[in-house]
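Structure, as structure tokens:
The values are calculated or read from the model by the stated rules, or taken from the named source; none is laboratory data. Please read all numbers here as calculations on a predicted model, not as lab measurements. Virtual Cβ from ideal backbone geometry, glycine too; neighbours counted across all protein chains shown.
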Amino acid sequence: MSKAKASRGDGRQEESYDNGYIMKFDSFDKSTSQLLLVEYIGGSDAEVKYYVKGSRGWRLRGRCSAFVGKNGVGKTREGDAKTPLGTLKPLRAFGILPNPGTALPYLQVTPGTFAVDEQGPFYNRIVQCAGTEPEPRCSGERMWELSPEYDYGIETDYNAAGIWPLGSAIFIHCKGHKSWTGGCVALDKALMKKVLCSADHRLAIIVI
């Protein structure tokens, strides 16, 4: 049973949460103290809720509509434009903008930052090249050019082993001008920044 929402003057919302799904998750994962719950609605639409666990249990710290893959959820391979289902963990945060104060390792995106999406030794890795063009051994998404999407983001552990062609560059990032993503989860920029400023390695991202 959920308790009534409490509104603050600055528009932020918090509420006690006693949902069976969260309780079940909490029963087998005691290491998580922040939870980004992505609830798929249909098409490329989802709702995101951000919970933080304190001494009085889980509390809702923010929520917003979100965009997932153009073809929905259930990712199986590179280029399918789907967002993976299940639990993801953060590897590090990144951004075109300066570090907002996150406890996660922070990668400052520069003109030489690329997310590698082609088969090879650097598949599914973010690499820093000396210039503005990727080196011959890899090619990928020019992250510097994707603002506001990559103003702030989180690199997840999806396909951390880099197995081709299971998929690459699954990030949590800010919304852009499109109402869909290539497989990432896109949030309102305000919530993305809030997550970064309060999350650490104990964050779990769950897509259901």
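Identify, from the list GLY74, GLY101, GLY120, GLY112, the residue that is surrounded by fewer than 16 Cβ atoms within 10 Å (Cβ to Cβ), over 23 Å from HIS177 (Cβ atoms), touching a strand residue (DSSP E or B) at 6+ places or on another chain (Cβ under 9 Å) and not aliphatic (A, V, I, L, M). Let's see the steps before the verdict.
On the way: GLY101 fails: touching a strand residue (DSSP E or B) at 6+ places or on another chain (Cβ under 9 Å); GLY120 fails: touching a strand residue (DSSP E or B) at 6+ places or on another chain (Cβ under 9 Å); GLY112 fails: surrounded by fewer than 16 Cβ atoms within 10 Å (Cβ to Cβ).
The match here is GLY74.
State whether the residues of segment 57-75 include one that is part of a loop (DSSP other than H, G, I, E, B) and touching a Pro at 6+ places or on another chain (Cβ under 9 Å).
Scanning segment 57-75 turns up at least one residue that is part of a loop (DSSP other than H, G, I, E, B) and touching a Pro at 6+ places or on another chain (Cβ under 9 Å).
Can you go through ALA199, ALA115, ALA186, ALA190 and tell me which one is under 30 Å from ARG59 (Cβ atoms), of a type in the set (Gly, Ala, Ser) and touching a helix residue (DSSP H, G or I) at 6+ places or on another chain (Cβ under 9 Å)?
After applying the criteria, what remains is ALA186.
Could you check segment 127-156 and list, in sequence order, the residues that are assigned to a loop (DSSP other than H, G, I, E, B) and modelled with pLDDT under 95?
Those that are assigned to a loop (DSSP other than H, G, I, E, B) and modelled with pLDDT under 95: CYS129, ALA130, GLY131, THR132, GLU133, PRO134, GLU135, PRO136, ARG137, CYS138, SER139.
Please find, within segment 172-188, the residue that is nearest to PHE94 (Cα to Cα) out of those that are outside any loop (DSSP other than H, G, I, E, B) and in contact (Cβ under 8 Å) with a residue 40 or more places away in the chain.
The qualifying residue nearest to PHE94 (Cα to Cα) is ILE172.
In the list GLY42, GLY57, GLY11, GLY20, which residue meets the criterion of being surrounded by fewer than 17 Cβ atoms within 10 Å (Cβ to Cβ) and modelled with pLDDT of 95 or more?
Only one candidate passes the filter, namely GLY42.
How many residues, within segment 150-203, are among the aromatic types (Phe, Trp, Tyr) and out of contact with any Cys (no Cβ under 8 Å at 6 or more places or on another chain)?
3
Scan GLY86, GLY101 and give me the residue that is within 18 Å of the chain's Cα centre (by Cα) and either at pLDDT below 95 or under 23 Å from GLU47 (Cα atoms) (or both).
GLY86
Go through (1) assigned to a helix (DSSP H, G or I); (2) over 10 Å from the mean Cα position of the chain (by Cα); (3) not aromatic (Phe, Trp, Tyr) for LEU166 and report which single condition fails.
Going through the list (1) assigned to a helix (DSSP H, G or I); (2) over 10 Å from the mean Cα position of the chain (by Cα); (3) not aromatic (Phe, Trp, Tyr), LEU166 breaks only (1).
ASN159 versus (1) part of a strand (DSSP E or B); (2) in contact with a Ser or Thr (Cβ under 8 Å, 6 or more places away or on another chain); (3) surrounded by fewer than 21 Cβ atoms within 10 Å (Cβ to Cβ): which is the lone unmet condition?
(1)
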